[in-house]
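Reviewing the structure listed below.
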Amino acid sequence: GAIEETIYDENGTVLDTQYIIHQFDYATFRPFGFLDDSGVPTANVGGEPTRTWSFIDDIQRVFYSGYFKEHGLKVQLVWLPIGIIGCVFITELRQNDNGVQNISGLNDYLVQLLTGWMVPAWLGSTGWLFPALYCDGIFAVLATILPRFRNPSPALKLLNLRLASLRECIEHVFADHTTRFKLFNVPWRLKLFNHGVKVRHMTLVSYFILNCYYCICGTRSSTFGQLPPTLEEYLPLNEVLYPPPAVDLGETIDFWSVSENSNENNV
């Protein structure tokens, strides 16, 4: 096989086209989608100027990211080559991308889902492997999670370059969300302290609506020679819904009741 490489001038005119020969066996190609995360900035959680309620400081730390220098939520997306979002998971902004994957249980869920759909190991390796989601280097190498190759051979370096270019599709999804849902450009209206559950649900629903938009208006699936599903195919009335993977998030705390009790004790 070969990978086509086209060289353009500054005006977009094709100057040269060449084919880079490689030794990949397409039957061993593992990536079936892309994985990435993005932040959703929100209002400062519990903006009290004093330490009257000491637990507020702990809430601030949970939703604050030193990397982004803001409070908010983090969204993990799985993007499929048919042009739609395959999975959404939302947690606090404090977590890095690899931590969000661990909390979501995505790898364990895909192992259960893809059992029986193994592909041969590639590039001279032996055995069988799961299909995998391609992602950037912050993620750990797991059964169904495939970050860019470290210390790659010439063949894998070429594959890194090609997949890094294709992975830009998922970045466009985040840009589409920002463009089409202007509410998320106004962080001070997204108040997690009193309306955290509502903000999280609203974020989740917005990505569902974005999927419906892709089904109606089209998407970037043509890059992969695919067509997005129609809205009728995406929302079948007789669909059997399977439960998501069980994730143990620990003890659930009602911060509002804690704040009232703390306030009474201070009085």
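The values are calculated or read from the model by the stated rules, or taken from the named source; none is laboratory data. The structure presented is a predicted model; accordingly, all values stated were derived computationally and were not measured. Here the Cβ positions follow ideal geometry from the backbone for every residue, glycine too, while neighbour counts run over all protein chains shown. The area values use the complete protein model at the heavy-atom level, side chains included, leaving out ligands, DNA and RNA. Shrake-Rupley method; radii C 1.70, N 1.55, O 1.52, S 1.80 Å.
Proximity of backbone amide H atoms, modeled 1.01 Å from N, is registered between residue 33 and 134 at under 5 Å, excluding neighbours fewer than 5 places apart on the same chain. In this structure the amide hydrogen of residue 190, modeled in the peptide plane, comes within under 5 Å of the amide hydrogens of 43, none closer than 5 places in sequence on its chain. Here the Karplus relation 6.51 cos²θ - 1.76 cosθ + 1.60, evaluated at θ = phi - 60°, turns the backbone of region 114-121 into coupling constants of 9, 4, x, 10, 6, 10, x, 4 Hz, with x for every Gly and Pro. When you filter the chymotrypsin sites (Phe, Trp or Tyr not before Pro) in region 81-130 for DSSP loop state and at most 15 other Cβ atoms inside 10 Å of their Cβ, you are left with 117.
On the beta carbon distance between residue 151 and residue 69, with R0 = 30 Å, the FRET formula returns roughly 0.35. Using heavy atoms of the protein chains and a probe of 1.4 Å, the accessible area assigned to residue 217 is about 80 Å². Under the simplified labelling scheme, the residue 230-residue 158 pair shows an inter-label distance of 4.1 nm, with each label point 7 Å from Cα along Cα→Cβ. Excluding same-chain neighbours fewer than eight residues apart, the lysines reachable from residue 191 by a Cα-Cα span under 27 Å are 69, 74, 182. Note on residue 44 and residue 141: the extension gain reaches 31.5 nm, defined as 0.36 nm multiplied by sequence separation minus the Cα-Cα distance.
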